1. Return a yes/no flag: does the range 332-351 have any residue that is free of Cβ contacts under 8 Å to residues at least 40 places away in the same chain and among the aliphatic types (A, V, I, L, M).
2. Could you tell me whether GLY313 is touching a Pro at 6+ places or on another chain (Cβ under 8 Å) and either buried (at least 21 other Cβ atoms within 10 Å of the Cβ) or part of a loop (DSSP other than H, G, I, E, B) (or both)?
3. Does LEU156 satisfy being in a helix (DSSP H, G or I) and modelled with pLDDT of 80 or more?
4. Across the range 393-406, what is the total count of residues that are in contact with a helix residue (DSSP H, G or I) (Cβ under 8 Å, 6 or more places away or on another chain) and either buried (at least 18 other Cβ atoms within 10 Å of the Cβ) or acidic (Asp, Glu) (or both)?
5. Kindly state which helices (runs of 4 or more DSSP H) lie completely within the range 17-109 and contain at least 3 residues that are touching a Lys or Arg at 6+ places or on another chain (Cβ under 8 Å), aliphatic (A, V, I, L, M) and modelled with pLDDT of 90 or more.
6. Would the range 263-275 turn up any residue that is modelled with pLDDT under 80 and in a helix (DSSP H, G or I)?
7. Restricting to the range 384-395, name every residue that is free of Cβ contacts under 8 Å to residues at least 40 places away in the same chain and either not assigned by TED's automatic domain parsing to the domain that holds LEU419 or not in a helix (DSSP H, G or I) (or both).
8. Got a number for residues in the range 143-154 being more than 13 Å from ALA123 (Cβ to Cβ) and surrounded by fewer than 16 Cβ atoms within 10 Å (Cβ to Cβ)?
Amino acid sequence: MLGLFMVLPLLALYAEQYEGATPLLMGLALGVYGLSQALLQIPFGMCSDRWGRKPLIAFGLLLFALGSLLAAYSETIWGLIAGRALQGAGAIAGVIMALVGDVTAERNRSKAMASIGAAIGVAFAISLVLGPVLASWGGLPVLFMVTAALAVVGLLILQLGLPDPPRMKKAAPAAFSEVLGHGALLRLTAAVFTLHFALMALFVAVPGMLMLQLGLQVTAHWQVYLPVMLLAFAFMVPAIIWAERAKRHHAVLRLSAALLFMAGLLLLLVGADLWAGAFALLAGLLLFFIGFNVLEASLPSMLTRLLSMEQRGAASGVYSTGQFVGTFLGGLAGGALLSLYGSSGVFALLVVLAVIIAGVLWQLPALPEFNTLFVDVHADRRHTAPGQLSGLPGVLEVAVSEAGVASIRVDEKDFREELLAALQLDAPMGQQIG
């Protein structure tokens, strides 16, 4: 994400130097990444259900690295477009989301998603400072080379630092029609589509407002984004912790949608007066990113909790497709509104989108009282453990990883841990005590 974010703010500035560049093709170079992502999220997710998460993530990172190298060595705008399209073909966002769902307990999942969101936010903030510095040394080719190197680092971390997630035994991945017909998935996908539509539309208008209202040049915009993002994460973490402890997930989601609504209203005041406009801009951005970050962490967590293990890959692919389609269309709509009505048109759209998000989430089903337990299984009991575990009261799903870790999804109302302990799954066959 750091490599990707470094390129985004500078692509339009440097792309005009490529042979054959036109405004339309420069826009295509910017947006084709999201288009490739949107087209391939579902195939990647379904393949990860069948062949495992880590192989698909590794393949996606390899494609991203190759696309970065192609873009780095391109001298024409069409070469740049091809490189960006190949970057986007590494559509692993949904697979990573499913992986997090596989290796975290239900009660810790929102915090895990929040940690990923925080890392992405930090990468975004660093990229705003580091990107212009690297670009000054050699333009976009340097940025793309660094991006390729970061993809290789990601591959090493994947292979050396991440555990093998459990995979369902003797169970085929869920039929895509069954996944697509899941009501909660459709609501969550609609919500993330609208959320990222709003984000991209906002970023079409905000850079100009930072220059006009605050007098900040592009290279100084990080002075606003960095403190706003840090404050937003400072508010996000306690909100997610409270939602988990008090089981008030839906209330926090609705409050987040309300913050987006208030952010839009505040941003509509930008330009009315120098000081009032500056306050409205900064406060509006803060409220927007608090609401955005809470939703960004909570929605995928709810997705993995409302769907079964064998549905996660395909469902995460559908969800991520909605996210990237929203990103692609939000940028187009934001640009159109900005040219027709100015920034006020974009900020008015944000108000409408916040209402849509609240409406979509209003009838989201309650989270089930499930949890996921992880138990070590001895090597010679990996084939029999799923059957033994499935017979315990309250056990809903069982998966065993190649490393010998059983992932057990349980209904906490009926499950009894002493029955699990009595199986002594970490002992060799025939050597259980008692």
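1. Scanning the range 332-351, I find at least one residue that is free of Cβ contacts under 8 Å to residues at least 40 places away in the same chain and among the aliphatic types (A, V, I, L, M), so the answer is yes.
2. Details: touching a Pro at 6+ places or on another chain (Cβ under 8 Å): yes; either buried (at least 21 other Cβ atoms within 10 Å of the Cβ) or part of a loop (DSSP other than H, G, I, E, B) (or both): yes.
Against the criterion (touching a Pro at 6+ places or on another chain (Cβ under 8 Å) and either buried (at least 21 other Cβ atoms within 10 Å of the Cβ) or part of a loop (DSSP other than H, G, I, E, B) (or both)), GLY313 qualifies.
3. On the way: in a helix (DSSP H, G or I): yes; modelled with pLDDT of 80 or more: yes.
Spelling it out, LEU156 is indeed in a helix (DSSP H, G or I) and modelled with pLDDT of 80 or more.
4. Looking only at the range 393-406, we keep the residues that are in contact with a helix residue (DSSP H, G or I) (Cβ under 8 Å, 6 or more places away or on another chain), and these are 393, 395, 397-400, 404, 406.
Adding the requirement that they be either buried (at least 18 other Cβ atoms within 10 Å of the Cβ) or acidic (Asp, Glu) (or both) leaves 395, 397-400, 404, 406.
Residues flagged as in contact with a helix residue (DSSP H, G or I) (Cβ under 8 Å, 6 or more places away or on another chain) and either buried (at least 18 other Cβ atoms within 10 Å of the Cβ) or acidic (Asp, Glu) (or both) within the range 393-406 amount to 7.
5. none
6. First pass over the range 263-275, keeping only residues modelled with pLDDT under 80: 271-275.
Keeping just the survivors that are in a helix (DSSP H, G or I) gives 274-275.
Looking for residues that are modelled with pLDDT under 80 and in a helix (DSSP H, G or I), one finds at least one in the range 263-275, hence yes.
7. So the first thing to find is which residues in the range 384-395 are free of Cβ contacts under 8 Å to residues at least 40 places away in the same chain, and the list is 387-395.
Result: GLY391, LEU392, PRO393, GLY394, VAL395.
8. 2
The values are calculated or read from the model by the stated rules, or taken from the named source; none is laboratory data. This is a predicted model, so every value here is computed, not measured. Note that we place each Cβ from the backbone using ideal geometry, even for glycine, and neighbour counts take in every protein chain shown.
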